[in-house]
Amino acid sequence: MISSDTHFERYSRQTRFAPIGATGQQRLSESAVLVLGCGALGSAIANALVRSGVGTVRIVDRDFVEESNLQRQLLFDEADAAAGAPKAIAAAEKLRAINSQVRIESHVADVTRHNLPQLAAGVQLIIDGTDNFETRLLLNDYSVREGVPWIYGGVVGAEGQVLVVLPGESACFACLLPEPPAPGETQTCDTTGVLGPAVSVIAALQCIEALKILTHSMDVVTRELIVVDLWPIRFRILTLSPNTGAEGCRVCQQHQFDWLSGQRGGEPVVLCGRNAVQISPSTPQHVDLPRIAAQLASVGAVTQNAHLVRLSLGQQQLTLFADGRVIVSGVDEVAAARKLVAQYMGM
Ligand SMILES: [Zn+2]
């Protein structure tokens, strides 16, 4: 049990809230949560979980910090952007300074069907801080197959949505969205922008649901779809039942996990709001970064740290991570990105 006075005082405003109490706080301290993506939503979510005393917070992010992130991504600062630090690493440093009692685990990686089971090992809950529907459908497959709850959050402009997925109990994400929208079919941060306070509202709703689940207050967990518009302000709670018709939900009714089995997904992705494309190796790799940095030194300006090698070529930048992924900045077409990667990285 939690016994130290320091510990008690630290969380006193939370334990005085009767539905949590000392028992709930103890449950939080024994919990492990995976936060997928550490951009705007993920930063706010990880911040709240760490401050609330969740025992283990595992964060995963594939990207690095840029100046245009600072308007809404609360764990990063100008030094992180200047260094092009991986978000998972920069976030972990801030989070450890916020609460040294929490075990913070960080992974610089793209979430794939290969690494998701390992990333999610031992967690009681997964929270969505990603920016794309393919990863959410993959996560939904995993959640339903393994019976691990997850909390979807999405925000664009000043609007957002939250859905808690309780496998076997509530509608799953594929009941809401069976297929990822076609490119150009939905608004993105690229086309519509996104407001920092809107992100904070959606992240806060995800975190309040997380606190309910982690403290076993299941009777108050929201099973409906929460739709928020903040400009002007309008909150809606929409009933969403599992899709049980003749053509019922592929995932939670028919148990077809196409994203997890690899029948779907794995394509290059255009990163939301970034003028950048990510190219991934078909199988996981471990790249010898110093060797590649030496090879590229004659081609252009090369910078390097423990997690990545970056080649600058005028308008374009190629950033190679240790897991073999390359993020090509300064292009917005997959074909152009592929060409550069083939040219300079031989992938
Ligand atoms: Zn479903």
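The values are calculated or read from the model by the stated rules, or taken from the named source; none is laboratory data. Keep in mind that what you see is a predicted model, and the values were worked out from it rather than measured. Cβ placement follows ideal geometry from the backbone for every residue including glycine, while neighbour counts extend to all protein chains displayed.
Residue by residue, here is whether (1) touching a residue at least 60 places away in the same chain (Cβ under 8 Å); (2) under 30 Å from Gln73 (Cα atoms); (3) within 16 Å of the ligand (Cβ to nearest atom) holds:
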residue	(1), (2), (3)
Gly262	yes, no, no
Ser280	yes, yes, no
Ser298	no, no, no
Gly314	no, yes, no
Leu318	no, yes, no
Ala336	no, yes, no
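This table checks each residue for (1) under 23 Å from Ala82 (Cα atoms); (2) out of contact with any Gly (no Cβ under 8 Å at 6 or more places or on another chain).
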residue: Val299; (1), (2): yes, yes
residue: Val302; (1), (2): yes, yes
residue: Leu313; (1), (2): yes, no
residue: Ile327; (1), (2): yes, yes
residue: Arg338; (1), (2): no, yes
residue: Ala342; (1), (2): no, yes
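Counting only residues that are assigned to a loop (DSSP other than H, G, I, E, B) and either in the same structural domain as Arg325 (by TED's automatic domain parsing) or more than 27 Å from Val269 (Cβ to Cβ) (or both), segment 18-65 holds 8 of them. Here the helices (runs of 4 or more DSSP H) wholly within segment 164-254 that include at least 2 residues being more than 16 Å from the ligand (Cβ to nearest atom) are 189-192, 196-214.
Pairs meeting the criteria (first residue in segment 31-48 and crowded, with 24+ Cβ neighbours inside 10 Å, second residue of a type in the set (Gly, Ala, Ser) and in a strand (DSSP E or B), beta carbons under 7 Å, at least 6 apart or on different chains) are Leu41/Gly153.
Rundown of residues vs (1) farther than 15 Å from Ala44 by Cβ; (2) within 14 Å of the chain's Cα centre (by Cα); (3) charged (D, E, K, R), yes/no style:
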site	(1), (2), (3)
Ile59	no, yes, no
Arg62	yes, yes, yes
Glu67	yes, no, yes
Arg72	no, no, yes
Phe76	no, no, no
Ala83	yes, no, no
Lys87	no, yes, yes
Ala91	no, yes, no
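Candidates are the residues of segment 178-190 that are farther than 22 Å from Ser68 by Cβ and over 18 Å from the mean Cα position of the chain (by Cα); the one that is modelled with the highest pLDDT is Pro178.
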